[in-house]
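Below: one structure, written as structure tokens.
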Amino acid sequence: MENIHHPLSNWIPYKLIEKNNEIYFEWIYLGDLKYSDPFFDETISKCRSHAHNSHLFKVVSTVENLVEWSEELASVDLKSLVFHVSRCGSTMLSQSLAASTENIMVSEAPIVDEILRSNLFGLDKKTALLKAVIKLLGQKRFPEQKNLILKLDAWHIFDAGYLRSVFPEIPFALLYRNPTEVLKSHQKKMGMHMVPNLLPPSVFGITAQEINQISFQQYGALVLEKYFEGFLSFYETDQNVTALYYNDGMKQVVEKFISFINVSYAYAELDKMFERLNAHSKNENEVFNGDFFKEEPLEINFTTLNILHEKLNNTFLEHQEH
């Protein structure tokens with residue numbers, strides 16, 4: 001099935017609009033742009049200057065249109081969902097995978113988060129929408145494309161059980177890192193989920209009472225604790241999941257991920273993916289020489305985090321040995 005002559009070819013839904021308790025989706029034209037940027041919204045920004053996206057009128061559809069249209073376009077197969085704890089090499093992993101022309105790498109698409117967090121529709125509609133949007137994001141736009149890989153936002157680990165019910169056969173990957181390094185990275189430039197109340201604390205299972213009892217810095221540690229707990233509880237109950245540890249080295253992370261999702265790549269494609277690891281994750285023109293963190297300790301109580309981190313390492317190690 002070819003998409004070339006379909007009127008929706010190269011169009012994707014990228015934004016959920018809530019108006020008068022109704023849901024609509026805004027679409028954007030990609031032209032010949034591939035998802036090669038570190039984050040999906042960077043690709044969207046580049047699309048805005050295209051003539052199709054510069055009209056006063058926006059291309060908007062209903063939920064029903066979107067689900068129906070998703071059936072009309074050929075898409076590549078979804079091969080994996082990647083969960084991560086942030087600042088743990090997930091951008092490097094996604095950029096490495098995006099270096100292969102055979103992969104469609106969707107990295108933290110806001111529309112996926114908007115669907116997962118919206119409470120304006122029931123579970124059945126949410127599931128139909130999620131499948132349709134992922135299918136449309138993964139439309140086969142170039143002949144060599146074979147694999148769709150979706151990197152989620154860090155807080156989507158709390159949706160892992162639901163996502164498993166939606167995608168029962170898809171391999172899930174959990175990427176994590178030493179907690180001190182994660183939090184030192186956030187100290188340099190803080191992600192929005194580490195700032196109290198920028199995302200509803202309920203997203204992480206954090207209560208108002210817990211926030212009132214801790215410092216600003218400790219809040220980030222608490223969020224990371226919740227991520228680690230989420231990783232542990234999902235890993236212990238799921239059969240089709242692998243753990244990837246940044247501190248083992250990114251080459252090993254990429255190799256382990258590729259062998260886990262059971263995709264065979266030509267040597268030339270593997271070379272491209274491994275070559276990408278030599279450059280900075282957020283700037284492929286800059287050589288990556290490792291992270292440099294300030295020497296002074298963080299004003300954070302690491303007791304619980306270190307226990308959880310050790311438990312993660314031990315649990316994953318035991319699983320490998322079996």
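Which entries in Lys125/Lys184; Lys46/Lys135; Lys140/Lys256 show an alpha-carbon gap greater than 32 Å? Pairs exceeding the cut-off: Lys125/Lys184. Helix 250-261 axis versus longest C-alpha principal axis of the chain: approximately 60°, rounded to the nearest ten. Spatially, segment 82-117 and segment 188-223 are offset by 23 Å when compared through their Cα centroids. Summarising the amide proton neighbourhood of Ala279: residues at separation of 5 or more, or on other chains, whose placed amide H is nearer than 5 Å comprise Phe288. Neighbour counts of C-beta atoms inside 10 Å place Val195, Val263, Val223 in the sequence Val195, Val263, Val223, starting with the fewest. Counting only Cβ charges, +1 for Lys and Arg and -1 for Asp and Glu, the dipole size of the chain around its Cα centre is about 500 debye. Dividing the helix sum by the residues of the chain, where each DSSP H run of 4 or more adds -39500 (n - 2.57), gives a mean residue ellipticity at 222 nm of -12500 deg cm²/dmol.
Every read-out reported here was derived from the displayed coordinates using simple, explicitly stated rules and does not represent laboratory data. Source: prediction; values computed, not measured. Methodologically, a virtual Cβ is constructed for each residue, glycine included, from the backbone with ideal geometry; neighbour enumeration extends over all protein chains shown.
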